[in-house]
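Worksheet: the structure to be examined is printed underneath.
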């Protein structure tokens, strides 16, 4: 293989690696927040242990009727990240508790 | 309190500015910047706005309930001058309003409100080119997204604009705290935790007791100072029904209110962030206020229509505008002043009334109830006048 071919192959490998890294980064990054300022501000205000996530105690302190936690914890991780908090605040009907079973 | 620091020298801008007015229904002034038990503000987004705004720390509403307070806000007139005390004749029709005066000055005027006493049938849409009313007693969660879409339409209109946005997040039953629910009082598991899911629970609280047998049908929603109090009468006749409240119950009640304030702050933050994305230079005049406050058992009751105390009338008032120096003023002002102040900022014909930017230390501020009673506040104090 000529030196030029080796260089071309190296460049191709480098470009492929960069493309793979970018794709991996896209896959591993959470979806961007629609309202980053208010969402991260609220997360910070409620995040009492400072780990960047909200657990059930930090958000509610207890399980109110209707067992809402599964409705908020979309990925079932046991805590809410910023994206899940944003979804809860902007799409969960804020009067849903009124319709919760007694 | 910090003495008058503020502003003055506020010159009308060369071009008529866009104006956003946000009304957070029922938000007490003392919740602005209130710290939770972990030392974090309930209203970080409003705090950020306040950092660049004129903050009026002694602002009072002209009325203790939503319809009359907003009518006074829109017209700069006391409810009694609008037929207050007689719901059949109460109307702002024929009055110059903030929206009509600005429309006359070339503005596009729109409102996105959350129903209740701001629903179109109550007649407050006078002067608005578009008056959209969301779900009854709804949240900013419904009105803010619509308002954001209107920002785009208004921006494309080529006209200066006025946009009024309203939400009931902080209004009883406070469980509109939604996902936040009892986040301010974690661990509470007392009787109000379940009872608070019933919207009228808070109307069954009197003094240090709850009277669950007092039904909504018995609630006189027009109760005003001096008027017969149906709950008090019922409670006196049914002492065996009293369920004593302990401090944890009261803390839960107030915690739910605070959680609702936190929720409202989030949504107002969403709106302000959307505005900033469209107006990075912050040239839009932004006014954030509340129409009235709330008695949270401070005087033995929950609600606002029964009382003309500071708890029900002292409201937040923030004004951010180009040329207005940020700071605090502790001089008494009224929400009646918002109309003439904004008319002047817009370069519209001068409206009757006082300007927020020319505070008078000898000012008297009058507030009225739906039943026609009134309170008068001065720098020296407050006195109360019964209805004729």
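The values are calculated or read from the model by the stated rules, or taken from the named source; none is laboratory data. Because the structure is predicted, anything quoted here is derived from the model rather than measured. Backbone-built Cβ (ideal geometry, glycine too); neighbour counts: all protein chains shown.
Observations, loosely collected:
- Test: residue B:127 is in contact with a helix residue (DSSP H, G or I) (Cβ under 6 Å, 6 or more places away or on another chain) and either within 26 Å of residue B:17 (Cα to Cα) or surrounded by 19 or more Cβ atoms within 10 Å (Cβ to Cβ) (or both): yes
- Residue in the stretch A:8-29 that is modelled with pLDDT of 70 or more, assigned to a loop (DSSP other than H, G, I, E, B) and more than 14 Å from chain B (Cβ to nearest Cβ) present: no
- Boolean, residue B:279 is within 27 Å of residue A:89 (Cβ to Cβ), more than 14 Å from chain A (Cβ to nearest Cβ) and at pLDDT 95 or above: yes
- Total residues in the stretch B:310-330 satisfying the condition of being surrounded by fewer than 19 Cβ atoms within 10 Å (Cβ to Cβ), in contact with a strand residue (DSSP E or B) (Cβ under 9 Å, 6 or more places away or on another chain) and part of a loop (DSSP other than H, G, I, E, B): the figure is 4.
- Any hit, the stretch B:276-292, residues being without any contact (Cβ under 8 Å) to a residue 12 or more places away in the chain and in a helix (DSSP H, G or I): yes
- Every condition in (1) farther than 30 Å from residue A:49 by Cα; (2) under 12 Å from the mean Cα position of the chain (by Cα) holds for residue B:27 except the one numbered (1).
- Of the criteria (1) assigned to a helix (DSSP H, G or I); (2) within 14 Å of another protein chain (Cβ to nearest Cβ); (3) modelled with pLDDT of 65 or more, which one residue A:32 fails: (1)
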